[in-house]
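Structure first, then comments.
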Amino acid sequence: ATKAAINTAVANAGQAHVEKATDSNAEADVDAMHDSAQTAADMPGNEVFANLIEDIKDQGRYRTFATLARVAGEFPKTHHYYDDGREKLVTGWCSNDYVGMGQHPVVVDAMIKAVKECGTGAGGTRNISGTNAYHVKLEQELADLHSKEAALIFSSGFVANEASLSTLGKHLPGCVFLTDQYNHASMIEGMRNARQAERRIYRHNDLEHLEQLLKEVEPGRTAVIAYESVNSMEGTVAPMREIAALAKKYGAITFCDEVHAVGIYGATGAGVAERDGALDDTHIISGTLGKAYGVMGGYIAGSRAYIDAVRSTAPGFIFTTSMTPAQAAAALASVQYLREHDGERNAMHRNAVDLQARLLEDGFPVMSTISHITPLLVGDAEKCKAASTILMDDHDIYIQPINYPTVPVGTERLRVTATPAHTEEHKQHLIAALEDVWERLEIPKIDVSAFALNADDAQTSFTQGAKEQLDNTIEGAGKRMVEARA
């Protein structure tokens, strides 16, 4: 009798739900949508946000997104769509798909195969229906790549850094983060979210300052050195072996963000740690699957105990839908391919070095990069944005302007990335276009006689005269950034 009563009640409720869900009055729906839009427009606080945007625009750093559609098989070509409906084919010079794996047949085929096998979605969080065999295989591959006990994948590199660093800060006794002044926003957010942990900032890649801070860590506290191997905006590379030696000397943990290095540094693409022989002495490595690997997602690799702790406690991992099986399969194929093939990364590095040398020879203010990233100092937010617009409108070249808060005020720049797909014709076209931009906007160049190129190790070395032209501006802005982040 009880069961019958329950079944009758459920059936009635279900029927009522179906009738309500399918009942539609088109005219009423339109009116409701209009009312909803008006309610959003009248939201209390809108004036605050409108004023915020006006302030950003007044500072010349309002961000506009270029609407693009990459052309499969024609990398680095992409369609650009204007707001007025116009479109044209342009050459991209700022992609983080550093070696074009986002269009590589091996990666594309792996993704298509996984979609046909598993469908498009993951089906849930990792805990509830969302752990696919491809996720597990990818994590095993990444752990092996970095010579670590375990790895864990996330929906993005930002989430990976936030979840992993906040876990360290929340659970290590008396945790003190020693953080590089130019660390990525995701790392800063992770450290901030571990509210009980303390942050102490050291000057960018400054080993002497880092050691000074290590000496000042009180007994009984746990120091975590957090830094990036390749800094995505400066083009600098961290001294990983020396940092590892300091960590060992003072009993600190090392956390290295290799997001802009995995896939393109080291014999198998395991990053600068592999290239510089620091894999074994770097405790935790974070990376991305959305840059050199050409797909989407982030990951960390480290000890089995630590990875399991992040898996079991980090909200950014627990409460989000999993990466799709197709993404995991494509990323797995990309990682495996770049472990076995170095042609793409070698070609990228050759192209980057060649472009940097030619820009310097022509007097362009290439910041002192020693990586594949080529930052051109503009030093003014409005001119930086104007430079990007001229390149797009007049030269069919896409380079996004980089302004505050990504970089300090006064160090606005164009961030150029050469790929294996950029040809000699592409490079000549870019340099000619930049000449036009620099002349029209009256952006200062460097005295060519003040620097020299070190061809032996393919790194740019400035003599004091030229370097001071850049460093005087960057140092002051860098100090302001340190104070703001503190």
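Side notes on the structure shown:
- Two-site FRET efficiency, Glu117 against Leu68, from Cβ-Cβ distance with R₀ of 30 Å, rounded to 0.05: 0.50
- Most tightly packed first, judged by the mean number of other beta-carbon atoms within 10 Å of their residues, the peptides 385-391, 345-351 read 385-391, 345-351.
- Within the shell of other residues whose beta carbon sits under 10 angstrom from the beta carbon of Ser147, the net charge comes to -3, with Lys and Arg scored +1 and Asp and Glu -1.
- Given [x] 29.7; [y] 24.9; [z] 31.0, the label whose value is mean projected area of the Cα convex hull in nm² derived from this model: [x]
- The length gained by stretching the chain between Tyr81 and Ala40 to full extension, at 0.36 nm per residue less their Cα-Cα distance, is 11.9 nm.
- Simple label model, 7 Å out from Cα along Cβ direction - His209 to Asn12, nm: 7.3 nm
- Net +/- balance of residues flanking Glu439 in space, Cβ distance below 13 Å, scoring K and R +1, D and E -1: -2
- Region 144-262: C-alpha gyration tensor shape, a/c 1.5 cut-off, then a/b vs b/c: rounded
- Cβ-based charge dipole, the chain, positive-most Cα from Ala69, Pro219, Leu338: Pro219
- For the chain, the dipole from Cβ point charges (+1 on Lys and Arg, -1 on Asp and Glu) about the Cα centre works out to 1560 debye, to the nearest 20.
- Helical mean residue ellipticity (222 nm; -39500 (n - 2.57) per DSSP H run of 4+; nearest 500) of the chain: -15000 deg cm²/dmol
- Residues whose amide H falls under 5 Å from that of Gly379, counting only those 5 or more places apart or on a different chain, are Glu412, Arg413, with hydrogens built in the peptide plane.
- Taking the DSSP beta bridges with both ends in the chain, the antiparallel portion is around 65 percent.
- Angle in degrees between helix 207-216 and the longest Cα principal axis of the chain, rounded to the nearest 10: 60 degrees
- Net charge of neighbours whose Cβ lies under 14 Å from the Cβ of Leu68, counting Lys and Arg as +1 and Asp and Glu as -1: -1
- Under-29-angstrom lysine pairs by C-alpha in region 38-146, whenever the two are 8 or more apart or on separate chains: 6
- Angle between the chain longest axis and helix 325-340 axis [Cα atoms, degrees, rounded to 10]: 30 degrees
- Those residues of region 216-252 whose amide nitrogen sits under 13 Å from the label point placed on Arg200, 7 Å along Cα→Cβ: 216-226, 250-252
- Relative contact order for the chain: 17 percent, from Cα pairs under 8 Å spaced at least 6 residues apart, divided by residue count.
- Shape call, region 176-326: gyration tensor on alpha carbons, a/c limit 1.5: oblate
- Of all stretches in the chain that contain no chymotrypsin sites (Phe, Trp or Tyr not before Pro) in a DSSP loop with at most 16 other Cβ atoms within 10 Å, the longest one is 83-318.
- Gyration tensor (Cα) of region 310-444, equivalent ellipsoid semi-axes in angstrom: 33, 22, 14
Every read-out reported here was derived from the displayed coordinates using simple, explicitly stated rules and does not represent laboratory data. Everything numeric in this text was worked out from a predicted model, so none of it was measured. Because the Cβ atoms are built from the backbone with ideal geometry, glycine has one as well, and the counts that use them run over all protein chains shown.
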